[in-house]
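S.K.: Here's a structure for you.
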Amino acid sequence: MTTTTTNSKRLIVIVGATGSGKTDLSIRLARHYHAPILSTDSRQLYKGMPIGTAQPTEEQLREAEHHFIACLDVEQEFNCGQFEQQALELLKRLFADHDTVVAVGGSGLYIRALCEGMDDLPTGDPEIRRSLSEKLQREGLAALCEELKQRDPRYYEQVDRSNPARVLRALEVCRQTGRPYSEQRTGERRSRDFRIIKIGTEMERATLYERINRRVDQMIDEGLEQETRALYPKKELNALQTVGYKELFGYLDGAWSREEAIELIKRNTRRYAKRQLTWFRRDPEIFWAAPDKTDKIIAYIDSCL
RNA sequence: GGUGCCAUAGCUCAGAUGGUAGAGCAAAGGACUGAAAAUCCUUGUGUCCGCGGUUCGAUUCCUCGUGGCACCA
């Protein structure tokens, strides 16, 4: 055989909206290919949030080897850069005794980090971030934009100047590195020493929304409120800026009734799903298929050489 | 059975002494490289219940239907 080892390994990447059947599909594929599962979900990473983030159940966890599920304390900061680095390290180990690994999750940025890599940019320094937040509070977004115009006129031209998060991050990098943000953003795609096959779980919008609504009711039945109460003291943490918890924190604070909170969770989950689809739709590498068409999906995967 | 009121966007409703209509919510489209389940931008989607009549012109006024609500029997 002349097969080179560089592309004998493959990563099957399952993407799609929340509630569209990714988890079940991932387990079927994992069993079919005797592959471990790597989660690409920015919230299922955390402990103490199994219901609200729809983590795989105990039973599902037994059906396949899972990684990056419930492995961080909610206090731990995490980001797409760390995810890229840790996921690649893990893959190296997994590929040592597996030809196939299944990645599954809905965090578009994390998936991009894994498949295409991130530029070599620093994680935000908390001090600088705090000082920028204060400036935003005191002087407004226009002041931040003004500073960006000075420090990085090129990025100033292209950035969404009504989005505080974007402007703030760019300034953070400028201040931290003393160099313009745009100069450090190459947008270059990193090469990977494994093949990547992307599968999207396709589902009619109306069906997806029904499933989402039903799943939220299920979460409530399973005890999402108790889960949220346990996390309430930590509600300011980034890990808990998450659909499901945010709305129930509001209920616990008296901002709205329990019923209203549940409706808000449904609406915000629908909106989240919509944003995910906007992200994934523009990726031409994704092979879209109904998640229950396992045979069709396997046939597609096997046809990818 | 009688009388009155109502019928406009997916929902709740506003509106024009007659010139084919607009708010909120829901929704749709998009952006997005270390907070990404985050953050942000854009967008009104309509046999104005139906058939006639008056009128240059009716979603608006009139008749008759149909459906809903209220009251009286």
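The values are calculated or read from the model by the stated rules, or taken from the named source; none is laboratory data. Predicted model only: the values in this text are computed from it and were never measured. With ideal geometry, Cβ positions are generated from the backbone for all residues, glycine too; neighbour counts draw on all protein chains shown. All accessible areas refer to the heavy atoms of the entire protein, side chains included, with ligands and DNA or RNA removed. Shrake-Rupley method; radii C 1.70, N 1.55, O 1.52, S 1.80 Å.
S.K.: Which of the following residues is among the aliphatic types (A, V, I, L, M) and outside any helix (DSSP H, G or I): A:I197, A:I220?
M.R.: Just one listed residue meets the conditions, A:I197.
S.K.: Restricting to the range A:269-294, give me the number of residues that are closer than 13 Å to A:I199 by Cβ, more than 16 Å from the chain's Cα centre (by Cα) and open to solvent by 30 Å² or more (accessible area, probe 1.4 Å). Please lay out each step first, then the result.
M.R.: Keep residues of the range A:269-294 that are closer than 13 Å to A:I199 by Cβ, which gives A:280, A:283, A:285-294.
Right, trim to more than 16 Å from the chain's Cα centre (by Cα) and you get A:285-294.
Next cut, open to solvent by 30 Å² or more (accessible area, probe 1.4 Å) only: A:285, A:287-288, A:290, A:292-293.
Selection size over the range A:269-294: 6.
S.K.: Also, I was wondering about something else. Restrict the check to the range A:44-51 and report whether at least one residue is modelled with pLDDT of 95 or more, touching a Cys at 6+ places or on another chain (Cβ under 8 Å), of a type in the set (D, E, K, R) and open to solvent by 70 Å² or more (accessible area, probe 1.4 Å).
M.R.: So far as the range A:44-51 goes, yes, one or more of its residues are modelled with pLDDT of 95 or more, touching a Cys at 6+ places or on another chain (Cβ under 8 Å), of a type in the set (D, E, K, R) and open to solvent by 70 Å² or more (accessible area, probe 1.4 Å).
S.K.: Quick check, is A:F83 surrounded by 20 or more Cβ atoms within 10 Å (Cβ to Cβ) and at positive phi?
M.R.: In short, no.
S.K.: Restricting to the range A:200-219, name every residue that is touching a strand residue (DSSP E or B) at 6+ places or on another chain (Cβ under 8 Å) and open to solvent by 70 Å² or more (accessible area, probe 1.4 Å). Quick ask: steps written out before the conclusion?
M.R.: Narrowing the range A:200-219 to residues touching a strand residue (DSSP E or B) at 6+ places or on another chain (Cβ under 8 Å): A:200-202.
Matches in the range A:200-219: A:E202 only.
S.K.: While we're on this one: Considering only the range A:45-80, state which residues are within 10 Å of RNA strand B (Cβ to nearest atom) and among the hydroxyl-bearing types (S, T, Y).
M.R.: Passing the criteria: A:Y46, A:T53.
S.K.: Looking at the range A:98-126, which of the residues that are modelled with pLDDT of 95 or more and open to solvent by 80 Å² or more (accessible area, probe 1.4 Å) is nearest to RNA strand B (Cβ to nearest atom)?
M.R.: Per the stated criteria, the residue is A:R112.
S.K.: Could you give me the residue pairs with C-beta distances under 9 Å whose first residue belongs to the range A:275-294 and is closer than 15 Å to A:L109 by Cβ, whose second residue is of a type in the set (F, W, Y) wherever it lies, and which are 6+ apart or on separate chains?
M.R.: A:F280/A:W288
S.K.: Conditions: (1) open to solvent by less than 50 Å² (accessible area, probe 1.4 Å); (2) in contact with a Phe, Trp or Tyr (Cβ under 9 Å, 6 or more places away or on another chain); (3) in a helix (DSSP H, G or I). A:R169 meets all but one. Number of the miss?
M.R.: In the conditions (1) open to solvent by less than 50 Å² (accessible area, probe 1.4 Å); (2) in contact with a Phe, Trp or Tyr (Cβ under 9 Å, 6 or more places away or on another chain); (3) in a helix (DSSP H, G or I), A:R169 misses (1) alone.
S.K.: Here is a follow-up. Only one residue in A:K135, A:K149 is open to solvent by 20 Å² or more (accessible area, probe 1.4 Å), more than 12 Å from RNA strand B (Cβ to nearest atom) and modelled with pLDDT of 95 or more, so which one is that?
M.R.: Details: A:K135 fails: more than 12 Å from RNA strand B (Cβ to nearest atom).
One residue alone meets the criteria, A:K149.
S.K.: Do you know which residues across the range A:178-211 are near RNA strand B (Cβ under 10 Å from one of its atoms), free of Cβ contacts under 8 Å to residues at least 12 places away in the same chain and among the charged types (D, E, K, R)?
M.R.: Result: A:R205, single match.
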